[in-house]
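Step one of this worksheet: look at the structure below.
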Amino acid sequence: MNEQTIHSIYDRELICSEDTRLLQALRSGDERAFLILVERLHGKMMRIALHYVLDRQIAEEVIQDTWMGVLHGLTNFEERSSLQTWIFQILTNRAKTRMRREQRTPSLSDIVEPQEDEPAVSLERFRTGYYAGWWILHPDHWNNGVEDQVLWQETYVYIQRAVQQLPASQRIVITLRDIEGWTASEVCNRLALSEENQRVLLHRARSKVRRALEQYFGIQQQAKQAVS
Amino acid sequence: MMMIPITKPSEALTCREFVELVTDYLEGALTPLLQDQFEFHLSICEGCQIYVEQMRQTLKFLGQLNEAAIPTEGKEKLLATFRAWKQTLPNKAP
């Protein structure tokens, strides 16, 4: 038996005994056990849900809905599979149903947005005349203290809002690529997009989020200067 | 702070053109010629160096969104659901 097998058997047993304990706790209404489970599975659940519904906000709703289903099914759960597998099955079913209801087919062709020609950076930032097209003023370094937990929370909310405000197709592409870490070809396959169109959507989305962040850090910088 | 190149290379990319190529560059999708022009511009232009650095930071922030835990508001909703469900449990412990 190699080390990996031993590990996986060990893991499985650990999961089994943990499952039993968790189930007992959940069935007796232990809030903390519930929250631990919710937090532990959230990332995986988000990944699964996104695969179907493509939109983070809808995925969050599907996850909420799944937990409701889990709670209602808990008394009848027969433990023929692991708790996690059972939860993921409920999630997959709900995500599929939601996908059909949203009629968000696996392609983006039904979300046609007006062709926009908005530049990545506002044209006012560039010179005209002899040095046309060169920066008037360089962008600033972002010497932000995002390591600071509180500030990171705020930045996190801000970036999320910036992503939410993007047109649907851009939002979906940047979510799958840059937040969820899908490869370009995975996104192209899933959304039936050409590589080039995928890049165009990604470029517009990234440029807008960068712009939003630049504005955000600029405001912070001004505030800091005003204080000192 | 102002960026004025010593000579104006007529063939060179301008900053305005450069920023539109950043995604293609990061995706490795530029033609060899454009890639050369892009990298040349990057080597001489501090403003665009900062721009690319900002873009890389943006990507890093976006990647961290994934690690972020469930939103507080969602957690509160779930807790409320859990508490409501708990009320329906038979033989609740005293």
Jot down the per residue volume, in cubic angstrom and as a whole number, of the convex hull over the alpha-carbon atoms of the stretch B:15-87.
-> 110
Rank these for me by crowding, A:30, B:36, A:55, going from fewest to most other beta carbons within 10 Å.
-> B:36, A:30, A:55
Sort A:100, A:206, A:127 so the one with the fewest other Cβ atoms within 10 Å of its own Cβ comes first.
-> A:100, A:127, A:206
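Here, each number is a calculation from the coordinates, and none is a lab measurement. In this text, all values refer to a predicted model and were calculated from it rather than measured experimentally. Cβ atoms come from the backbone with ideal geometry, glycine included; neighbour counts cover every protein chain shown.
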